[in-house]
Every structure is written in structure tokens, then in C-alpha cells.
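Trainee: Would you mind keeping the following structure in view while I ask a few things?
The values are calculated or read from the model by the stated rules, or taken from the named source; none is laboratory data. This structure is a prediction, so every number in the text was calculated from the model and none was measured. Note that each Cβ is placed from the backbone with ideal geometry, even for glycine, and that neighbours are counted across all protein chains shown.
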Amino acid sequence: MCTGKCSRFVGLSLLPMALICIGANLLLFFPNGETKWNDHITIQVWLMGGIVGGGLFVLCPSCNAVRAGGKGCCGAGCCGNRCRMLRSVFSSIFGGLGSFYCLAVSATALSDGPLCNLNATAGFQKWGYHFKNLNQSYLQDQALWSLCEEPHNIVLWNIVLFSILLGFGVIEFVLCCIQIINGLMGVMCGDCRKKGDKNDG
């Protein structure tokens, strides 16, 4: 595959993933779709791995990769798009760091479990990370989920959204690594497109 086409493919793939990560992290601020739990939000949500890491840090390499895959003022006749390829390499390094931050925060959140209230119906307020020090994984034992009574459905809410962030964080990291290699090849070899090619990428 031509370095320009590969760069455009990576950029267009990263863009929706970054937006989904931002959206998933925003939803985590509203457990079960409710706004009354502002004082009881899981710490990993406040770390904003999806907004900052998998979102904003990835939007930049996404745009740079798309630009590197197009024919700008440099084109094939000047420097073979080497300048924009080099920019995409540096931005992809930051994108890789951001996506790794996203997947690290998400993996920690899934491991620790949500911040929730135990035995709320009995009037006993005990907020904490009740799954954090268990000998077994709460992810595989749905019977434990009922221990968290407030916010309602918080365990499922966190698992689904943090799993989305984890999955997209991994894919974003892989794509950023691919673009780093592709960009370096573009810097060294130029763009393989022919001068008469009218299509971007």
C-alpha cells in the first residue's frame, strides 16, 4: 500500500475512534444517565483517559495523517510529501502516548471496579471501591454486582464504557505505531503516488 494511502486510512480510522472515546468518557460522568452522583464519581473517570488520552491526543495525529495522505503544496513533485509525513510521525508519537494512557486508565478502572454505595436500602452509607481487594474477579461473577446499590447499574455502566475505552485505546495505539513506521517510510522514500494521480492518497 502506498504510504499516502496508508496514512489517509490511519487518519480517517483514528478520527471516529477519538470522538467515541470522548463521548464514552463524558457518559462516565453521569452514572446510569443521572446527574446526581457528582460527588461519587470513580477516580479513573476524573483522570479523563478517554477525553484527553484517547480523544484530544489522538485527534491531532488523525488530522496530520489525513493531511500527509493528501496532495498539498509539496505534492509528489517537490519533496514527495516528506514534510507532512515527518509531522505525522511526531504527532503519532504523542497520539501513541495518549492512547496508551487511555488504555492504562481504563484497565485500572476495570480492575478496581466502580465507586459505589453498599447496603443503601438499609440506610447504611458505605461508599468505596468494594471490588478492589477481592480474591476473585467481579467481572466474571455477576452475582457480586448487586452489592453496589447506588448508583443503580453502576457496575454494568462502568464495565461497558471502560471496555469501550480500553478496546479503542488498544486499536488507537496500534494505528499510531503503524503511522509512525509508515511516516518514516514516507520521509525516507517519499510518496509512491504518480504525478498524474488525481486522487488524494
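Trainee: Scan region 156-170 and give yes if some residue there is without any contact (Cβ under 8 Å) to a residue 12 or more places away in the chain, of a type in the set (S, T, N, Q) and more than 26 Å from Cys83 (Cα to Cα), otherwise no. Explain how you work it out, then say what you get.
Mentor: Here is the first cut: in region 156-170, the residues without any contact (Cβ under 8 Å) to a residue 12 or more places away in the chain are 156, 160, 167.
Adding the requirement that they be of a type in the set (S, T, N, Q) leaves none.
No - not one qualifying residue is present in region 156-170.
Trainee: Still on this structure, I have one more. Inspect region 91-109 for any residue being at pLDDT 85 or above, within 17 Å of Trp37 (Cα to Cα) and surrounded by 16 or more Cβ atoms within 10 Å (Cβ to Cβ) and give the result as yes or no.
Mentor: First pass over region 91-109, keeping only residues at pLDDT 85 or above: 91-109.
Remaining after also requiring within 17 Å of Trp37 (Cα to Cα): none.
No.
Trainee: Can you find even one residue in region 142-150 that is surrounded by fewer than 18 Cβ atoms within 10 Å (Cβ to Cβ), closer than 15 Å to Cys102 by Cβ and hydrophobic (A, V, I, L, M, F, W, C)?
Mentor: Looking through region 142-150, none of the residues is surrounded by fewer than 18 Cβ atoms within 10 Å (Cβ to Cβ), closer than 15 Å to Cys102 by Cβ and hydrophobic (A, V, I, L, M, F, W, C).
Trainee: Something else: Just a yes or no: is a residue in region 26-40 within 30 Å of Gly186 (Cβ to Cβ), at pLDDT 90 or above and not basic (Lys, Arg)?
Mentor: no
Trainee: Could you please let me know if Ile164 is out of contact with any strand residue (DSSP E or B) (no Cβ under 9 Å at 6 or more places or on another chain), modelled with pLDDT of 90 or more and buried (at least 18 other Cβ atoms within 10 Å of the Cβ)?
Mentor: Answer is yes for this residue.
Trainee: When both residues are 6+ apart or on different chains and their Cβ atoms are under 7 Å apart, which pairs have a first residue that lies in region 96-113 and is in contact (Cβ under 8 Å) with a residue 60 or more places away in the chain, and a second that is of a type in the set (D, E, K, R) and crowded, with 20+ Cβ neighbours inside 10 Å?
Mentor: So the pair list comes out as Ser99/Glu172.
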